[in-house]
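Structure, as structure tokens:
The values are calculated or read from the model by the stated rules, or taken from the named source; none is laboratory data. These figures come from a predicted structure and were not determined experimentally. Every residue, glycine among them, receives a Cβ derived from its backbone with ideal geometry; neighbour counts consider all protein chains shown.
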Amino acid sequence: MSATTQIAPGLRDRAEVRWRAAALSPALAVFVFMSILPMLNLLAMSVHEIGWVGGHSVWRYVGAMHYRRLAEDTLLHAGIWNTLVFAVGGVSIQVVLGFFLAWAVSRIRTGRLLYRTVFILPILVPGILIGAIWKLMLNFDFGLVNGVLEVFGGYPVDWLGTRAYALAAVIVVDIWHWTPFCFLLLLAGFESLPQDVQEAARVDGASAWTELRYVLVPMMMPVIAVTFLFRFVTSLKVFDEIYLLTAGGPGSATEVLSYTIYRTFFAQDRMGYGSAMSVATLFGISLLIVVGMSAAKRRGRPA
């Protein structure tokens, strides 16, 4: 009797493990098929020169030749620099704007749903419409932005056709598009904060700015870090705004990694080199994620 009662829990545990393995195996198989196998194929392509003969691909092994070319590719270097400027500059402004918008909305007692709805509207607009709208607004001849400048005595500017302004213009479009995303994440963070700490600060006579600086910002730092890291990673993959607004121009002023890879694959038909570029980009982004998460964990540990 006692032996049975001792064995039964072990049998139940093994049955539960087998059931979990059986339940998770379809999802694991889909993950392997959709993620691991394409990655292995990409790695294989990156060490081959791929051409087309009679409608069939011909692979020629070249080893690390494509990876050595990456160090000499000036267009890729411009894409890396522009991508980092785009990501760091744009995302920093998005997080700051999203933070203050979320803080303002969290203090509103009536009409909060209306403000929330209005602030998230840009993120609901399809990318193709965003490209069309902003390309018209930034047009040199009849754009709304230049029209406003002329009303105040300014001169029209070719925002998307001048090297000095093109990347900044695309960053402004991205800020308009993605600040609502940061706003939503940070608003959820504000609404999850303990109310008693804020009420204690108000009872002690803290002003709104003092409460924000010494109470809310320290408590919101984990949410701010996660929001910045998540949005930073997604901004490294920017493609649609570049494709629709500038196509990487003028020159290489708005060339970014995603567009460089797209151009290498589809415009130049250099699939082997494009694969090596993709693998290197994936490795770099993964490294940034690991470093960012490690820094966030160290910041969250008590001293």
Name the pairs whose Cβ atoms lie under 7 Å apart, with the first residue in segment 114-130 and assigned by TED's automatic domain parsing to the domain that holds Cys182, the second outside any helix (DSSP H, G or I) and surrounded by 11 or more Cβ atoms within 10 Å (Cβ to Cβ), and 6 or more positions between them or separate chains? Tyr115/Ile108
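Hey, among the residues in segment 98-144 that are over 23 Å from the mean Cα position of the chain (by Cα) and of a type in the set (S, T, N, Q), which one's surrounded by the fewest Cβ atoms within 10 Å (Cβ to Cβ)?
In this case the residue turns out to be Thr110.
Condition first: in a loop (DSSP other than H, G, I, E, B) and touching a Phe, Trp or Tyr at 6+ places or on another chain (Cβ under 7 Å). Now tell me which residues in segment 39-68 satisfy that. Quick ask: steps written out before the conclusion?
Step one: of segment 39-68, the residues in a loop (DSSP other than H, G, I, E, B) are 47, 54-55, 62-64.
Val47, the sole residue that qualifies.
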For segment 71-108, enumerate the residues that are within 18 Å of Leu288 (Cα to Cα) and among the β-branched types (Val, Ile, Thr). Ile80, Thr83, Val85, Val88, Val91
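Of all helices (runs of 4 or more DSSP H) completely enclosed by segment 112-174, which ones contain at least 2 residues that are over 30 Å from Phe190 (Cα atoms) and not charged (D, E, K, R)?
Numbers: elements: 112-119, 121-124, 127-137, 144-151.
Hits in segment 112-174: 127-137, 144-151.
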